[in-house]
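For reference, the structure is listed below as structure tokens.
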Amino acid sequence: MTHVINAACIDELDGSCVDSCPVDCIYEGRTKRYINPTECIDCGACLPECPVDAITAPDGNDPVWVADNAEFFELPLPGRAAPLGDPGGASGTGRIDADTPLVAGWPKP
């Protein structure tokens with residue numbers, strides 16, 4: 001199990017978590033960030049940096065958000081022909097202009 005990012009991150013793209021990640025495993029979607037479950041080393045450096053407490057440790061993960069974070073890397077997202085997979089670091093991909101189906105359909109306040 002790995003750290004995941006939940007609904008509190010939707011429309012909150014502060015980036016402090018990205019700057020604190022030693023393995024560059026936090027990727028930016030259109031409206032939310034996602035942690036690559038294969039690349040994350042569970043160090044926890046991102047936890048105190050999130051201004052909205054959207055990152056949860058493995059022992060407190062909600063299965064819905066575990067699946068959502070994995071789907072960002074495993075599904076071909078809208079506008080993309082293939083899944084993102086494990087690119088080996090977010091800095092090499094830049095912002096991905098898509099979100100998972102769950103996040104894309106999330107109600108806007």
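The values are calculated or read from the model by the stated rules, or taken from the named source; none is laboratory data. Computed from a predicted structure; not experimentally measured. Neighbour counts run over all protein chains shown; Cβ positions are idealised from the backbone, glycine included. Quick note on the areas: whole protein, heavy atoms, side chains included, nothing else; ligands and nucleic acids left out. Shrake-Rupley method; radii C 1.70, N 1.55, O 1.52, S 1.80 Å.
Filtered by the rule that a residue be open to solvent by 70 Å² or more (accessible area, probe 1.4 Å), in a loop (DSSP other than H, G, I, E, B) and in contact with a Pro (Cβ under 9 Å, 6 or more places away or on another chain), region 62-80 gives PRO76, PRO78.
Is it the case that PRO83 is open to solvent by 50 Å² or more (accessible area, probe 1.4 Å), in a loop (DSSP other than H, G, I, E, B) and out of contact with any Phe, Trp or Tyr (no Cβ under 7 Å at 6 or more places or on another chain)? The answer is no for PRO83.
For region 15-23, the count of residues that are farther than 17 Å from ALA98 by Cβ and among the β-branched types (Val, Ile, Thr) is nonzero. Among the residues of region 2-23, those that are in a loop (DSSP other than H, G, I, E, B), open to solvent by less than 40 Å² (accessible area, probe 1.4 Å) and either more than 19 Å from CYS40 (Cα to Cα) or in contact with a helix residue (DSSP H, G or I) (Cβ under 7 Å, 6 or more places away or on another chain) (or both) comprise THR2, HIS3, ASN6, ILE10. Among the residues of region 92-107, is there at least one that is modelled with pLDDT of 95 or more, crowded, with 19+ Cβ neighbours inside 10 Å, part of a helix (DSSP H, G or I) and in contact with a Pro (Cβ under 7 Å, 6 or more places away or on another chain)? No, region 92-107 contains no residue that is modelled with pLDDT of 95 or more, crowded, with 19+ Cβ neighbours inside 10 Å, part of a helix (DSSP H, G or I) and in contact with a Pro (Cβ under 7 Å, 6 or more places away or on another chain).
Residues of region 25-50 that are part of a loop (DSSP other than H, G, I, E, B), among the charged types (D, E, K, R) and open to solvent by less than 40 Å² (accessible area, probe 1.4 Å): LYS32, GLU39.
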